[in-house]
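Visitor: So that we are looking at the same thing, I have put the structure below in structure tokens.
The values are calculated or read from the model by the stated rules, or taken from the named source; none is laboratory data. This structure is a prediction, so every number in the text was calculated from the model and none was measured. Cβ placement follows ideal geometry from the backbone for every residue including glycine, while neighbour counts extend to all protein chains displayed. Areas reflect the complete protein model, heavy atoms only, side chains present, ligands, DNA and RNA absent. Shrake-Rupley method; radii C 1.70, N 1.55, O 1.52, S 1.80 Å.
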Amino acid sequence: RCTMSPAAVVRGLALAALLVLSPAGAARQTRRPNVVLILTDDQDVCLGGMTPLKKTNALIAQMGITFLNAYVPSALCCPSRASILTGKYPHNHHVVNNTLEGNCSSKLWQKIQEPYTFPALLKAMCGYQTFFAGKYLNEYGAEDAGGVGHVPPGWSFWYALEKNSKYYNYTLSVNGKARRHGENYSVDYLTDVLANMSLDFLEYKSNFEPFFMMISTPAPHSPWTAAPQYTKSFQNVSAPRNSNFNIHGKNKHWLIRQAKTPMTNSSIQFLDDAYRKRWQTLLSVDDLIEKLVKKLELNGELDNTYIFYTSDNGYHTGQFSLPIDKRQLYEFDIKVPLLVRGPGIKPNQTNKMLVANIDLGPTILDIAGYDLNKTQMDGMSLLPLLRGDKNVTWRSDFLVEYQGEGYNGSDPTCPGLGPGVTHCFPDCVCEDSYNNTYACVRTLSTSWDLQYCEFDDREVFVEVYNLTADPHQINNIAKTIDQEILEKMNYRLMMLQSCSGATCRTPGVFDPGYRFDPRLMFSNHGVRARRFSAQSLQGI
């Protein structure tokens, strides 16, 4: 059973002491809380991605807390989802992109990481019933990795989508058995299927054990197929024309600079249409949330259930003239919604602390009473923030890292660009390349709102943004920022790139406890140090 930490025991006693309920209600409420995690696919927060979700806002955000600075350590589905499951940065779980070769749902992932995910610990150590429904990892179900017969450890009930997000004509692994779905809306539309499976679980599960549910929707991922009743919604909506929309990404990495500016009318029409359709698909997610909350309330379980709502990464629609995708280091791709309601969380709150999806696993284990010292997770429990504890010591920075995808051959859409690029549009604007490989320190302290990034390419390209003065990250200040700050951020980046567990939670550059010794820049865990001067930044 779950080994409760002393702090968890104290919290449990305090919660029990606060409950003034009927005897039957008290018996139910003193049990360990249930947890529900809703994970959407490619839902941004910077470009209005939460706007269509009126019910979700009312039922989760207004009844709990909204984290205004929630991020992912990698702006791509599979690495980000692996970070949620393991509580680790990509350099520690080794899932680097959406391919089997990039360790996405590979045999190696299954052997090394899956047995130690937080759901596996919840089930094995804490006695939770666990339920999964929806998209798992992009290569889940691949024949080379066990097919849909593979059910990861830690799941009592398993309804996982084969491969990537779809809305119709897909295969589910139902506890390891393939079940094919067609294109009949009433029985096949995936978001609704997930809602119905979730309601069935809540109806028929055991009432003698706490439960954890993870519901992973296809929306708003492409192909953006809305439910028939929503295909006419948002007809007058278009992608936001903010200050970084349809402009040339000057002083940025070559992949951003190659985008054609201004975009063609057909590109703008395409991204506006995609933006509308993304919102339409989210209306079914909104319905799912409403059904779920109503069922929990009907069961008398809502007050003892934490509900988390978040996305695996953000998205862009026309920023720096890149039509649509994710993968980039900018706020629109790495920032996500995070809403939480549950026991002890006051309604209608916002929180500005810097949080990341590597914190979800530690938080949920902490809720269950598991001793986090027994894990190897890089993240931190959000429970002190959820409860509104005073004088909480919190991080001021975290790591973003991405390994670009590219092929040895040319992209068939744009053979003239040569090898190494991928995800290209007909007008030969490409969203990724093998050397779109970067790592960043994203800092948010009382004095600085800063992003420092290095690319692993021949230029050793550097991008630095002061988001207080430049929230849309238009001006790269790598050549003008103070040299000492540049060196400190370079060293901090190297430290985070080699961190594991507790060393990922050490003080950041602008924290009172930070210590910087320039001599260490040349002897840090075998990581090659890079000193930057004005001369080495001439390529910017």
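Visitor: S206 versus (1) in contact with a strand residue (DSSP E or B) (Cβ under 9 Å, 6 or more places away or on another chain); (2) part of a helix (DSSP H, G or I); (3) among the polar types (S, T, N, Q): which is the lone unmet condition?
Guide: (2)
Visitor: Quick one: how many residues across segment 91-131 are touching a residue at least 40 places away in the same chain (Cβ under 8 Å), under 23 Å from M380 (Cα atoms), hydrophobic (A, V, I, L, M, F, W, C) and open to solvent by 10 Å² or more (accessible area, probe 1.4 Å)?
Guide: Qualifying residue count, segment 91-131: 3.
Visitor: So V340 ticks every box in (1) at pLDDT below 95; (2) open to solvent by less than 20 Å² (accessible area, probe 1.4 Å) but one. Which box is left unticked?
Guide: Exception for V340: condition (1).
Visitor: Mind listing whichever residues of segment 478-510 are in a loop (DSSP other than H, G, I, E, B) and surrounded by 17 or more Cβ atoms within 10 Å (Cβ to Cβ)?
Guide: Those that are in a loop (DSSP other than H, G, I, E, B) and surrounded by 17 or more Cβ atoms within 10 Å (Cβ to Cβ): A478, I481, C499, G508, V509, F510.
Visitor: For residues that are touching a Phe, Trp or Tyr at 6+ places or on another chain (Cβ under 6 Å) and not in a helix (DSSP H, G or I), scanning just segment 177-188, find the one that is farthest from K295 (Cα to Cα).
Guide: E183
Visitor: Is it fair to say P23 is over 19 Å from the mean Cα position of the chain (by Cα) and at pLDDT below 65?
Guide: yes
Visitor: So which residues in segment 242-258 are surrounded by fewer than 16 Cβ atoms within 10 Å (Cβ to Cβ), assigned to a loop (DSSP other than H, G, I, E, B) and either of a type in the set (A, V, I, L, M) or in contact with a Lys or Arg (Cβ under 8 Å, 6 or more places away or on another chain) (or both)?
Guide: Result: H248, K250.
Visitor: Taking the options T363, T375, name whichever one is in contact with a Pro (Cβ under 8 Å, 6 or more places away or on another chain) and either open to solvent by less than 30 Å² (accessible area, probe 1.4 Å) or of a type in the set (D, E) (or both).
Guide: So the residue among T363, T375 that is in contact with a Pro (Cβ under 8 Å, 6 or more places away or on another chain) and either open to solvent by less than 30 Å² (accessible area, probe 1.4 Å) or of a type in the set (D, E) (or both) is T375.
Visitor: Just to be sure, is F425 out of contact with any Cys (no Cβ under 6 Å at 6 or more places or on another chain), at pLDDT 95 or above and of a type outside the set (D, E, K, R)?
Guide: It is false that F425 is out of contact with any Cys (no Cβ under 6 Å at 6 or more places or on another chain), at pLDDT 95 or above and of a type outside the set (D, E, K, R).
Visitor: Is it fair to say N373 is without any contact (Cβ under 8 Å) to a residue 40 or more places away in the chain and of a type in the set (S, T, N, Q)?
Guide: Spelling it out, it is not the case that N373 is without any contact (Cβ under 8 Å) to a residue 40 or more places away in the chain and of a type in the set (S, T, N, Q).
Visitor: Would you be able to say whether some residue in segment 196-204 is free of Cβ contacts under 8 Å to residues at least 24 places away in the same chain, of a type in the set (S, T, N, Q) and farther than 28 Å from Y330 by Cβ?
Guide: The answer is yes; a qualifying residue exists.
Visitor: Which residue, of T261, T281, is open to solvent by 30 Å² or more (accessible area, probe 1.4 Å) and either of a type in the set (S, T, N, Q) or at pLDDT below 95 (or both)?
Guide: Among T261, T281, only T261 is open to solvent by 30 Å² or more (accessible area, probe 1.4 Å) and either of a type in the set (S, T, N, Q) or at pLDDT below 95 (or both).
Visitor: Do you know which of the residues in segment 452-494 that are closer than 18 Å to I256 by Cβ and acidic (D, E) is farthest from the chain's Cα centre (by Cα)?
Guide: Top of the filtered list is E459.
Visitor: Filtering segment 398-447 down to residues that are under 23 Å from the mean Cα position of the chain (by Cα) and among the aromatic types (F, W, Y), which residue is nearest to A502 (Cα to Cα)?
Guide: Step by step, filter segment 398-447, then rank; the result is F398.
Visitor: For segment 322-347, name all the residues that are in a helix (DSSP H, G or I) and among the charged types (D, E, K, R).
Guide: E331, D333
Yes or no, residue by residue, for (1) closer than 22 Å to K55 by Cα; (2) assigned to a loop (DSSP other than H, G, I, E, B); (3) in contact (Cβ under 8 Å) with a residue 12 or more places away in the chain:
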position	(1), (2), (3)
T225	yes, yes, yes
F234	yes, yes, yes
P240	no, yes, yes
M263	no, yes, yes
R278	yes, no, yes
L282	yes, no, yes
D286	yes, no, yes
